[in-house]
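Peer 1: The structure is given below, and queries will be raised subsequently.
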Amino acid sequence: MKTANEPIIQIRNVYKYFKNDIQALRGVSLDIFPGEVVMIIGPSGSGKSTLLRSINRLEKIDDGDIIVDGLSVTHHEDINALRLEVGMVFQQFNLFPHLSVLENVVLAQRIVRKRSAEEAETKALALLDKVGIYEKASAYPLQLSGGQQQRVAIARALAMDPKIMLFDEPTSALDPEMIQEVLEVMVQMAKEGMTMVVVSHEMGFARSAADRCVLMDSGRIVEEAPRDELFTNPKEERTKQFLSKIL
């Protein structure tokens, strides 16, 4: 069990290569603490999503180490046990179209967490209420808006009781009017103390919920700082250039 003074995620000198020797990550090191909301920003192709996906070994790194809640992601044999502690929400919702909303949130609880049908359903309904779509429990994904589908995906991840939530551009596939409803759920999670690592271009979320922002470019961390400091007084020229285009 980590204390607030010890990182719950330790990223240590991580390298990742793709085909043709493309360096996606170049010696990235970063600590993330319990209850902290860290937002990773940067241009496309900077390594943000690769770093995020490496935290639960959806991408296997080539050098370095990532330690999550005391366990090495790189060397831990039972990666599924480790992934139970780490929920992830993607750009695409990845819901099962043939299952109802309720069934989508119940399924992994039954199979992975071995919960009874009654326990899993009770938890699922409570979480659907929490994300504001309780009344859609019997609907099917294709009957929902994109924002509603993403909120189901968040509820499904939360149903596994993760210690950490990873968000990989969770609003990038949404129409503009649907973005806010998803961000509101994420802001509430942050207020409740969930450890979150978020890759996103939504600067409104960064300003309202992020404790710390990390700018990546060309597979490296250019600058990291508390949110207000990074936005109002960036130290690196590359950070100033990037922020001038998005703020």
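The values are calculated or read from the model by the stated rules, or taken from the named source; none is laboratory data. Owing to the predicted nature of the structure, the values given are computational and were not obtained by experimental measurement. Heads up, the Cβs are rebuilt from the backbone with ideal geometry, glycines too, and the neighbour counts pull from every protein chain shown. Areas reflect the complete protein model, heavy atoms only, side chains present, ligands, DNA and RNA absent. Shrake-Rupley method; radii C 1.70, N 1.55, O 1.52, S 1.80 Å.
Peer 1: Checking Glu177 against (1) open to solvent by 50 Å² or more (accessible area, probe 1.4 Å); (2) more than 20 Å from Leu247 (Cα to Cα), which test does it fail?
Peer 2: (2)
Peer 1: Six or more apart or on different chains, Cβ under 6 Å: which pairs go from a residue in the range 173-190 that's under 13 Å from Glu36 (Cα atoms) to one that's open to solvent by 20 Å² or more (accessible area, probe 1.4 Å) and in a helix (DSSP H, G or I)? Could you list them?
Peer 2: Taking only residues 6 or more apart or on different chains, the pairs are Val187/Ser208.
Peer 1: Which members of the range 204-229 meet the condition of being within 22 Å of Tyr15 (Cα to Cα), assigned to a strand (DSSP E or B) and of a type outside the set (A, V, I, L, M, F, W, C)?
Peer 2: Within the range 204-229, Asp217, Arg220, Glu223, Glu224 qualify.
Peer 1: Would you pick out the residues in the range 107-145 that are open to solvent by 40 Å² or more (accessible area, probe 1.4 Å), of a type in the set (A, V, I, L, M) and not in a helix (DSSP H, G or I)?
Peer 2: Matches in the range 107-145: Val112 only.
Peer 1: For the range 146-156, name all the residues that are closer than 22 Å to Ala81 by Cα and open to solvent by 20 Å² or more (accessible area, probe 1.4 Å).
Peer 2: Once the filter is applied, which keeps residues that are closer than 22 Å to Ala81 by Cα and open to solvent by 20 Å² or more (accessible area, probe 1.4 Å), the range 146-156 yields only Arg156.
Residue by residue, here is whether (1) within 17 Å of the chain's Cα centre (by Cα); (2) among the charged types (D, E, K, R); (3) over 20 Å from Leu30 (Cα atoms) holds:
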| residue | (1), (2), (3) |
| --- | --- |
| Ser49 | yes, no, no |
| Leu52 | yes, no, no |
| Asp62 | no, yes, no |
| Ile67 | yes, no, no |
| Thr74 | no, no, no |
| Glu77 | no, yes, yes |
| Leu82 | yes, no, no |
| Val89 | yes, no, yes |
| Gln92 | yes, no, yes |
